[in-house]
Amino acid sequence: MKRKSEQANLLLRKADQDLITLEALLEHPEVSQEQLGFHAQQAAEKMLKAVLAYHQVEYPFDHHLGRLIDLLTEHSVSFPTELEDVRYLTPFAVRFRYDYYPPEAAVPFN
């Protein structure tokens with residue numbers, strides 16, 4: 001793994017790219033919840049991995065946000081409880097990119 005600060009900074013720059021994309025997509029009402037959720041999930045995943053990299057915690061190369069949060073707490077890295085719901089973005093990484101996202105499950109992104 002790259003030096004902790006290099007890897008963490010790279011991941012944060014990548015997360016910023018996802019956030020910029022998400023913000024741009026929010027301006028277009030025809031963009032699907034799946035696409036909004038995907039970029040939100042990707043940004044959250046990269047931010048969590050940046051914190052893990054900074055603390056020199058090896059992390060899996062998957063998209064499960066709950067596992068990443070659990071790794072933080074297992075290694076005594078604090079995680080704000082008000083962000084616990086970020087776990088619910090996990091299905092947007094893969095499942096809802098290839099599966100149906102029912103309209104009744106839609107959540108507001110703005």
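The values are calculated or read from the model by the stated rules, or taken from the named source; none is laboratory data. Computed from a predicted structure; not experimentally measured. Note that we place each Cβ from the backbone using ideal geometry, even for glycine, and neighbour counts take in every protein chain shown. Note: accessible area is taken over every heavy atom of the protein model, side chains too, but ligands, DNA and RNA are not part of it. Shrake-Rupley method; radii C 1.70, N 1.55, O 1.52, S 1.80 Å.
At a glance:
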read-out	value
Loop-located GluC sites (Glu not before Pro) in region 32-75 whose Cβ has at most 16 other Cβ within 10 Å (DSSP)	Glu58
Within the chain, longest stretch clear of exposed trypsin sites (Lys or Arg not before Pro) (DSSP loop, no more than 13 other Cβ within 10 Å)	4-110
Most fluctuating residue given options Thr81, Thr73, Thr21, as computed from a GNM of the chain linking Cα atoms under 10 Å	Thr81
Carbon and sulfur %, accessible surface of region 10-75 computed with the full protein complex present, 1.4 Å	55 percent
Where the chain is the region considered: accessible area per residue in Å², 1.4 Å probe	64 Å²
Calculated Rg and Dmax of the chain using C-alpha coordinates, Å	14.4, 44
The chain: DSSP helices with Cα axial extent of at least 24 Å and average Kyte-Doolittle hydropathy no lower than -1.0	4-26, 33-54
